[in-house]
Amino acid sequence: MTNIYAALEIGSTSTVLAVGEAETGGRLKISCKAKIPSTGVKKSQIINMNAATQSIKSVVMAVEKQQAEAGDSLTIGNAFLVVSGRHVNADMYQATVQVEGAKVGDDDIDDVVEASRLFHLPKDRELLDISDLCFSLDGLSGIRNPKGMSGRILKLDTLQIHADRNRIDDARTAAEGAHLELRDPLFAAACAADAVLSESDRRSGALVIDLGGGSTGYAVYSDGMLTAANAFGVGGDHVTNDIAYAFQTTQAHAESLKLASASAVLQGDYDAVPRTNLPGITPIVQARTISRRALDTVVNLRMKEILSIVRSELEGYDMLHRLHAGAVLVGGGAYMRGICELVQRELGIPAKIGAPLYVDGLESDKSPAACAAIAGALMFAHRNYERKPAIGGFFKRFFK
Amino acid sequence: MSDSSDILLVGVGGAASKAVRKIVASLDFTVRSVLVDTDASTGRDGGDFVLFGGDRLSGAGSGGDVVQARLAAEDSIAHMDEHLAGVRLAAIVTCLGGGTGAGAALEIVKHLELRGVASVVFATLPFRFEGEERMRNAIGVRSLIEEHSSVTFLLPMDKLAGGDRRMDEAMSSALAVLSAGVSLFWRLVETPGYISMDTARMRKLLSGARRGRFAFASAEGPGRVDSVVAELQSTSLLSAGDSPVRSIFCGILAGDDLRLAEVAQTADALREAFGRVSSFNLATVNDEKNFSGKLEVVAMLLESDDARLDNDADQTSKRGKKQQSSLSAAPLGRGRFNNVEPTVLNGEDLDVPTYVRRNINLDF
C-alpha cells in the first residue's frame with residue numbers, strides 16, 4: 001500500500017492542504033493540493049476560530065473532491081501542521097555527558113544526542129524542530145564526528161525551534177472542528193529550506209526567506225546544518241495595507257495593485273512609465289490614476305524594512321558572510337517584481353526564487369515557491385514516518 | 001526592609017545582585033529590595049533573597065543557560081509574591097548575557113505585568129570580549145523583556161566601563177557606574193523635593209513607553225550646569241537609540257544652593273539637545289547632606305510606543321491597571337491591523353506603513 005501524507009498550512013492569505021504519496025524509487029509526489037482564501041487569520045495567527053475552522057473544512061472538502069474526481073475515494077483524517085508567525089523562536093541548547101571510557105564511543109554519542117532530546121522547553125512553548133550543530137570535547141569545539149577522540153566531557157550544540165503552544169493549540173482546535181487531526185507542527189521556513197535547497201547549497205551556506213502574507217520567516221543553512229531560524233509578524237499583508245492607506249483604496253484593490261503593478265525596487269526613470277489605473281470605490285471616490293513612483297516607493301520602503309530585520313538578525317549571528325550560495329526566496333512574496341534585486345542589494349548576496357527540488361507533481365504549478373513549505377512538510381512526513389511510523393521524532397539533520 | 005514603600009528594587013542574577021547591594025549600601029534610607037538568583041550563594045550575605053529553581057538546579061546556578069533559568073523562574077515565580085505586597089513600581093537590575101540575568105528577568109517582568117506592577121528594567125548588555133554566545137543570549141531575550149516591561153533601559157557594558165580599561169577592571173567599573181545611576185534614580189523617586197517624582201507620576205510617565213535611554217552626569221563649582229549638559233550631550237548612552245524620543249525625564253539632585261536659573265538652564269539645554277518631544281518632565285531633589293555644592297542630573301529619554309499603550313488599554317480590566325486609554329488614538333495607517341496585537345520592534349509599531357513612520361512624502 002502506498003504511504004499517503006497530508007500537510008496543512010493555515011496562512012493569513014490562504015489555507016492550503018496538500019496530499020503527498022510515496023512513489024516507487026523513494027521520491028514523493030504531491031498528488032493533490034487545494035488552496036482557498038483564509039478567513040479568521042491575521043499575522044499567521046488564528047483570531048476567529050469559527051472562520052478558521054470553516055476555511056479548513058472547505059480546503060479538506062476541496063481536496064477530497066479532487067481525489068474523488070481522479071477516481072480515488074480518500075478521507076483526510078490527519079495532517080502535519082506548517083507553522084509560521086511571530087511566536088516562533090529558535091534557541092541554542094547544549095547537552096553534556098561524561099565520556100565513559102578513554103575515547104568517545106557510539107554509546108557516548110547516543111547519550112549526548114538523547115540528552116539533547118530530553119531537554120524540556122518552558123510550558124508555554126512547543127518544539128517544532130531540532131538541528132544538531134556540532135560536538136565539543138573538553139573545550140575543543142566544532143567537532144563533526146567525535147567518535148574515537150580522547151576526552152572526558154562531550155557536549156552537543158543544538159538549535160531548537162519552538163513556538164507558542166497556545167497558538168498551535170488554536171490550530172488544533174480549529175482543525176478538530178473540521179474533523180482533521182493535526183500531527184507534528186513544523187516550522188514553515190525550515191520545511192521550505194528542506195524542499196528548495198540542494199545538498200550543495202546547504203554545504204556552501206544558504207538563506208531561505210519565506211515571504212508569507214502575515215509573517216516573514218527565515219532559515220539558514222551553513223556547513224550543511226540548519227544553524228539559525230526565526231520569524232516575525234510582518235509580511236505581504238503589510239505591503240497591501242501600506243498601499244491601501246497611501247492611495248485610500250480597499251484592501252482588495254491594494255492587493256491587486258501589489259500583484260499587478262508594484263515593484264520592490266525603484267526604477268531609474270519614471271517619466272516614461274505610465275500612471276497606474278485605480279478603480280473607484282464609491283461614487284465619491286472615483287476611478288483615478290496613481291503615480292508608479294509613489295506606488296513603488298511605498299512597497300520598496302516596506303520590503304527594505306523587512307529585509308533589514310532579517311539582515312540585522314543574521315549580523316547578530318555573524319551569519320551573513322557565510323551564505324556563499326545566496327538567498328532563496330519562497331512564499332507568495334517571492335513573486336513580487338524586483339524582490340530578488342532588492343534582496344541582493346540589501347543583504348549583499350545573490351537571490352533567486354525557489355522551487356521544491358525533491359518532489360513531483362508541481363510541474364504545472366505556476367507558483368511553486370508558494371508551495372515550498374508544504375512540500376517540505378510532506379517530505380518530512382515521507383522521510384520520518386515511512387520507516388518509523390510510530391515514532392514522533394524530529395529531523396536528525398546532522399546524522400541523516 | 002521598608003514595607004511602607006510601594007517601589008521595590010530587584011537584582012536578578014549574581015552580578016546584578018552585587019550591584020543592588022551596592023545601591024542599597026549607598027543610600028542613607030531604607031530601600032525595599034530583593035535579590036533573585038539560581039545560585040544559592042548570592043543570598044549568603046543576608047537581605048531578602050529568592051532562590052529560583054532550587055529543585056531543578058540545586059542552587060548551583062543556571063550555568064549560563066537562559067532556558068534553564070527561565071524554567072527555574074517558572075518553577076519558583078510564586079515565591080516573588082511575598083515580596084510584592086503593596087508594590088506599584090519595581091526597578092529591576094539585570095545583566096543580560098548570563099543565564100539567570102536574561103532568563104529569570106524575563107519571567108519576573110511577565111509576572112509583574114500580570115500583577116499590574118509597573119516595571120523599569122536596567123539591563124546591561126555584555127562586553128564584546130565576553131563572546132558571541134552571551135551576546136546572542138542578550139539579544140534573544142531583549143525584545144521579550146521590552147515587550148513585557150513598562151520601560152527597559154539597555155546599558156551596554158562597553159559604554160558603562162568606558163575608556164581602555166583592563167579586562168578585570170571593566171566589569172566592576174561598569175557595575176559601579178550602573179549602581180551610581182540607579183541610586184540617583186532611586187533618590188529621585190523616594191525623596192520628596194520641590195518638584196517631586198513619586199511613584200504615581202513615574203508610572204504615568206512610563207505609560208506608553210517601552211524602551212528608553214538612561215544616563216547621568218555630575219559636576220561641582222562654577223559652570224557646573226554647562227559641564228553636566230556637555231557630558232550628557234556627549235555620552236553615547238543617550239545617542240544609542242534609533243527610535244524617536246516621545247518624552248524626556250530630567251531629574252536634578254543638588255544641595256540647598258540649587259538655583260532656579262540652573263534648573264531652567266538644564267531643562268532648556270536637554271530639550272534643545274534631544275529635539276522636540278511630546279512631553280518634558282522634571283523632578284528635583286534638594287539634599288544638602290549628600291549633594292552640598294554638587295549638581296547631579298539623571299536623564300531618561302523615553303522612546304515612542306503608542307501602539308503598546310493602546311494594547312495595554314485593552315487589557316485594563318484584566319490587569320486592574322488604570323491608564324488613560326480614552327485619550328489614546330490608534331496610530332495612523334494600522335488599517336487591517338487595527339484590532340490585532342501590534343508588531344513592535346525597537347519601539348516602532350511596524351503595522352503602521354513604513355513611509356508614514358519615515359515621514360516620506362509621496363509624489364502622487
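Among the residues of segment A:95-116, count how many are surrounded by fewer than 19 Cβ atoms within 10 Å (Cβ to Cβ) and within 14 Å of another protein chain (Cβ to nearest Cβ).
Total meeting the criteria: 2.
A quick yes/no check of all residues on (1) at pLDDT 80 or above; (2) away from every other protein chain (no Cβ under 14 Å):
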residue: B:Leu295; (1), (2): yes, yes
residue: B:Asp306; (1), (2): no, yes
residue: B:Ala313; (1), (2): no, yes
residue: B:Thr343; (1), (2): yes, no
residue: B:Glu348; (1), (2): no, no
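Out of A:Val82, A:Val60, I need the residue that is part of a helix (DSSP H, G or I), among the aliphatic types (A, V, I, L, M) and either in the same structural domain as A:Ser136 (by TED's automatic domain parsing) or surrounded by 19 or more Cβ atoms within 10 Å (Cβ to Cβ) (or both). Which one?
Going through A:Val82, A:Val60 in turn, just one is part of a helix (DSSP H, G or I), among the aliphatic types (A, V, I, L, M) and either in the same structural domain as A:Ser136 (by TED's automatic domain parsing) or surrounded by 19 or more Cβ atoms within 10 Å (Cβ to Cβ) (or both): A:Val60.
Quick test of your reading of the structure: B:Val277 fulfils all but one of (1) assigned to a loop (DSSP other than H, G, I, E, B); (2) among the hydrophobic types (A, V, I, L, M, F, W, C); (3) closer than 30 Å to B:Glu341 by Cα; (4) modelled with pLDDT of 80 or more. Name the failing condition by number.
Just one mismatch for B:Val277, condition (4).
Name the pairs whose Cβ atoms lie under 6 Å apart, with the first residue in segment A:128-141 and among the hydroxyl-bearing types (Ser, Thr, Tyr), the second surrounded by 23 or more Cβ atoms within 10 Å (Cβ to Cβ) and assigned to a strand (DSSP E or B), and 6 or more positions between them or separate chains?
A:Ser131/A:Leu226
Give me the residue from segment B:355-364 that is within 18 Å of A:Ser291 (Cα to Cα) and part of a helix (DSSP H, G or I) and, out of that set, farthest from the other protein chains (Cβ to nearest Cβ).
Looking at the filtered set, the residue picked out is B:Val356.
Count, please, the residues in segment B:54-67 that happen to be at the interface with chain A (Cβ under 10 Å from one of its Cβ atoms) and outside any helix (DSSP H, G or I).
Residues that pass the stated criteria total 3.
Given the structure, is A:Ala254 assigned to a strand (DSSP E or B) and free of Cβ contacts under 8 Å to residues at least 60 places away in the same chain?
Taking the combined requirement at face value, the residue does not satisfy it.
Listed residues B:Ala72, B:Ala60, B:Ala78; which is crowded, with 23+ Cβ neighbours inside 10 Å and in the same structural domain as B:Arg128 (by TED's automatic domain parsing)?
It is B:Ala72.
Pick out, from segment A:143-236, the strands (runs of 3 or more DSSP E) lying fully within it that include 1 or more residues that are within 14 Å of chain B (Cβ to nearest Cβ).
Hits in segment A:143-236: A:153-164, A:216-222, A:225-232.
With B:Asp242, B:Asp257, B:Asp226 as the choices, which residue is modelled with pLDDT of 80 or more, surrounded by fewer than 15 Cβ atoms within 10 Å (Cβ to Cβ) and part of a loop (DSSP other than H, G, I, E, B)?
B:Asp257
Quick check on my filter: what residues within segment A:63-79 are touching a residue at least 60 places away in the same chain (Cβ under 8 Å), surrounded by fewer than 18 Cβ atoms within 10 Å (Cβ to Cβ) and either in a helix (DSSP H, G or I) or within 25 Å of the chain's Cα centre (by Cα) (or both)?
A:Gly77, A:Asn78
Just the residues that are surrounded by fewer than 17 Cβ atoms within 10 Å (Cβ to Cβ), hydrophobic (A, V, I, L, M, F, W, C) and within 14 Å of another protein chain (Cβ to nearest Cβ), please, taken from segment A:35-50.
Residue satisfying the conditions is A:Ile47 alone.
More than 17 Å from A:Gly212 (Cα to Cα), within 14 Å of chain B (Cβ to nearest Cβ) and in contact with a Ser or Thr (Cβ under 7 Å, 6 or more places away or on another chain): does that describe A:Leu314?
Criteria not met by A:Leu314.
Any residue that is more than 12 Å from every other protein chain (Cβ to nearest Cβ) and in contact (Cβ under 8 Å) with a residue 40 or more places away in the chain - is there at least one of those in segment B:70-78?
no
Being at pLDDT 90 or above and away from chain B (no Cβ under 14 Å) is true for just one of A:Gly26, A:Gly20. Which residue is that?
Selected residue: A:Gly20, the only one of A:Gly26, A:Gly20 that is at pLDDT 90 or above and away from chain B (no Cβ under 14 Å).
Filter segment B:26-47 for residues that are in a loop (DSSP other than H, G, I, E, B) and among the aliphatic types (A, V, I, L, M); which is surrounded by the fewest Cβ atoms within 10 Å (Cβ to Cβ)?
So, considering only residues that are in a loop (DSSP other than H, G, I, E, B) and among the aliphatic types (A, V, I, L, M), the one surrounded by the fewest Cβ atoms within 10 Å (Cβ to Cβ) is B:Leu27.
Could you name every one of the strands (runs of 3 or more DSSP E) located completely within segment A:283-389 that has at least 3 residues being modelled with pLDDT of 95 or more?
Strands (runs of 3 or more DSSP E) meeting the threshold: A:327-330, A:351-353.
Right, A:Thr240: at the interface with chain B (Cβ under 10 Å from one of its Cβ atoms) and either assigned to a loop (DSSP other than H, G, I, E, B) or of a type in the set (Ser, Thr, Tyr) (or both) or not?
Yes.
Sort out which residues of segment A:117-128 are more than 9 Å from chain B (Cβ to nearest Cβ), aliphatic (A, V, I, L, M) and either closer than 25 Å to A:Phe232 by Cβ or touching a helix residue (DSSP H, G or I) at 6+ places or on another chain (Cβ under 6 Å) (or both), and write them in order of number.
A:Leu127, A:Leu128
The values are calculated or read from the model by the stated rules, or taken from the named source; none is laboratory data. Being a predicted model, the structure only gives us computed values, none of them experimental. As a convention, Cβ positions derive from the backbone with ideal geometry for all residues, glycine included, and neighbour counts pool all protein chains shown.
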